[in-house]
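Down below is the structure, laid out as structure tokens.
Since every read-out is calculated from the coordinates, none of them should be taken as a lab result. Since this is a predicted model, take the numbers as computed values, not measurements. Every residue, glycine among them, receives a Cβ derived from its backbone with ideal geometry; neighbour counts consider all protein chains shown.
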Amino acid sequence: MTEKKKGIWKYIPDGIPCLLIVFSLFAFIGVQMGVPHMLNTIMKTAHDLLLNTCFYLMAICVITGAIGKLFVEFGVVKLLEGLLRPLMRPLFNLPGVAALGAVMTFLSDNPAIISLSQDKRFSSYFKKYQYISLTNFGTAFGMGLLVIVFMVGQGFYAEPFIGLIGAFIGCIVSTRLMQRFVVKAFPKYAEENATEGTVVLKEEEVVEEKSMFIRILNSLLDGGRTGVDVGIDIIPGVLIISTLVMILTFGPSDGVYNGEAYEGIELLPFLAGKINVVFEWLFGFNDPHLVAFPITALGAVGAALGLVPSFIAEGWADGNAIAVFTAIGMCWSGYLSTHTAMLDSLGYRELTSKAILAHTIGGLVAAIAAHWIFMLYQLI
């Protein structure tokens, strides 16, 4: 009996606070909306996001995945790497081969930099402090192609590329800050090679004879299959995070709660409105509802993209907002949910807090840069 009680009591320190938080949140929302309307809104919002946002994002993932794989197969990635290589040392303080990581994460997602860094031939070019900063460097370009294609699909053309420039600037800040943090904490990492103590195998080029048609077909199908996996992976984030954020962002339909999709209690705009002058000056946001995008992008950029069509339909998102969304969406790209796993896979979990701090600053700089570049673009 004593053993059984001990087994139950050990869950109380975590279980009780969890129950209190969950019930308090739903009670807070339910009191204002009414419990039946709240439940209907949650289900209808998630259902609409699944059909009209998740599948749309999955389609983009399949197409961009196929294009990315095609670029890899026919050397376009290597070509881009060669063009970008001269920028790596002066801008990011990284070896030229790091350009390959930027291109790969831009075409796919953050973890691509980790699979690349596990290659000893690749990591042998880096000092330890540079190697660790790859987490920040790669994250800043994660899902970049998907974000840009999505924004263009919403009818914006110059703005997403202004956002890309902003993300580039944010990446410089984040990467160099992380390097500074690492060297300050571990001065010896400035001299130690990333592969010190390991055997680096010589690269062997394997040439496999295939017809042009087979190479194209295999690339498109393999890349598309990868896109399906990415599309499935973003569904939980979009449905769970976006639904919650939308309930906290939007208000009732026509002033009355009817249990329809995209209704809510407008908590986030209320809080953002208290300091809206900060967001207006830094990001150029003309409506406090827009703050929901960067908050969501902290955990999942796919979920953040799910907010954009509604923002556009409500008339809240203009060209400046799209540029800022692209910059902060690319630069952050859900880093709170990936940095821990990425640094753990590299073997430097204890540096997670430093990576998160550096990337938080980098994302804010990316958004600010995109806003002011857009202002300059309008003047021109």
- Query: Can you give the three extents of the C-alpha atoms in the chain along their principal axes, from longest to shortest, in whole Å?
  - Reply: 69, 66, 45
- Task: May I ask you to derive the relative contact order of region 237-380, considering only C-alpha pairs under 8 Å and at least 6 residues apart, and to give it as an integer percent?
- Result: 22 percent
- Query: Expressed as an acute angle from 0 to 90° and rounded to the nearest 10, what is the orientation of the C-alpha long axis of helix 144-153 relative to the principal long axis of the chain?
  - Reply: 50 degrees
- Message: With 10 angstrom as the radius, rank M246, M88 by how many other C-beta atoms surround their C-beta, starting from the fewest.
- Response: M88, M246
- Message: What whole-number volume per residue, in cubic angstrom, does the convex hull of the C-alpha atoms of region 207-268 give?
- Response: 126 Å³
- Note on the structure: Computed ³J(HN,Hα) along region 319-333: with the Karplus parameters 6.51/-1.76/1.60, θ = phi - 60°, integer Hz and x for glycine or proline, the list is x, 4, 4, 5, 4, 5, 4, 4, 5, 6, x, 5, 5, 7, 5
- Amide H partners (placed H, <5 Å) of K127, local residues excluded: A194
- Query: When only C-alpha pairs under 8 Å and at least 6 residues apart count, what is the relative contact order of the chain, in percent?
  - Reply: 25 percent
- Query: GNM, the chain, Cα, under 10 Å: largest mean-square fluctuation among V72, V149, V278?
  - Reply: V278
- Query: Using the 10 angstrom Cβ neighbour count as an exposure proxy, how do H37, H371 rank, fewest first?
  - Reply: H37, H371
- Query: Sorted by average packing, counted as other Cβ atoms within 10 angstrom per residue and highest first, what order do 120-128, 286-294 take?
  - Reply: 286-294, 120-128
- Could you list which residues have their amide H under 5 Å from that of D109, counting only those 5 or more apart in sequence or on another chain, with H placed in the peptide plane? M143
- Message: Under the 0.36 nm per residue contour assumption, what length would be gained going from the current alpha-carbon distance of D222 and K44 to full extension?
- Response: 60.7 nm
- Message: Please check: in the Gaussian network model of the chain (C-alpha springs, under 10 Å), which one of G34, G65, G334 has the largest mean-square fluctuation.
- Response: G34
- Item | Rounded to whole Hz, the Karplus (6.51, -1.76, 1.60) HN-Hα couplings of region 71-76, x for glycine and proline | 5, 5, 4, 9, x, 5
- Under-5 Å amide H pairs with N258, H placed in peptide plane, nonlocal only: S253
- Task: Quick one: grab Rg to one decimal and Dmax as a whole number for region 168-308, Cα atoms only, in Å.
- Result: 23.7, 68
- Provide the convex hull volume over Cα atoms per residue for region 1-150, in Å³. 230 Å³
- Message: For the ranges 176-187, 93-104, 296-307, what's the packing order if you count other beta-carbon atoms within 10 Å of each residue, average per peptide, and put the highest first?
- Response: 296-307, 93-104, 176-187
- Task: Please count, across region 40-379, the pairs of lysine residues with Cα atoms under 20 Å apart that sit 8 or more places apart or on different chains.
- Result: 16
- Query: Given the options I169, I63, I132, which has the most mean-square fluctuation in a GNM of the chain, springs set between C-alpha atoms less than 10 angstrom apart?
  - Reply: I63
